[in-house]
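Participant: What follows is a single structure, and I will ask about it in a moment.
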Amino acid sequence: MYRSLRSSGCRFRGGGKLEKRSPTLNLSTSQSASRSGLTRYLALDVGVRRIGVAVSDELGLTAQPVLTLDLHRHPCPSPRETLRSIARLCRRYGVSGIVVGLPLHMSGSMSPRAEKVKAFAAELETLTGLPIHLWDERLTTQEAHALLYQAGHARQTHEKVVDQVAATLILQSFLDEHSRASDAAAHSDPGPGQR
């Protein structure tokens, strides 16, 4: 059930346009990144108190947790400082795009929180100049808690890492879909001499 719900995800395109994710993704950004040798993505699980951060490997195949930005630490960072911190992480890891989890309602409609995340993503796109991909994140936090339980972590210890794990799940879902779309495009495009 969880994976089927994720298939109705959305992508953010420049200018604030939100699109439903289709079976074949628009790979223009990814293809240009591939030509330059950069296929790394940074993913964010944006919450009210914390932002979980994950990054893909250099091949864009697997996702790993990086850190959690605490938005309620003292002194409390301004929204601009938070955006700058994320921009620094993008430069540090040399990413070619940012995947931001979009907290939709279970029906797939936009939630008030999703509207705020969308605005945050637009500001991040302006600051970094990197393409932003809004990705359906329904149930990722619950799945992250379940994975932490399975790994033997007590509920009290989850707060420090659950957002990183959720960001990793968001990014891995994006990478898996990206890989499927690339494979489908490669199989549907006849090679030279096969036309």
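Just so you know, all these numbers are worked out from the coordinates, no wet-lab data involved. Fair warning: this is a prediction, and the values are worked out from it, not measured in the lab.
Participant: Could you give log10 I(q)/I(0) at q = 0.12, 0.17, 0.25, 0.26 Å⁻¹ for segment 110-173, computed by the Debye formula over C-alpha point scatterers of equal weight, without solvent?
Facilitator: Relative scattering, expressed as log10 I(q)/I(0), comes to -0.39, -0.70, -1.05, -1.08.
Participant: I would also like to ask the following. Could you give the distance between the Cα centres of segment 52-124 and segment 142-158, to the whole Å?
Facilitator: When both Cα centres are located, 21 Å separates them.
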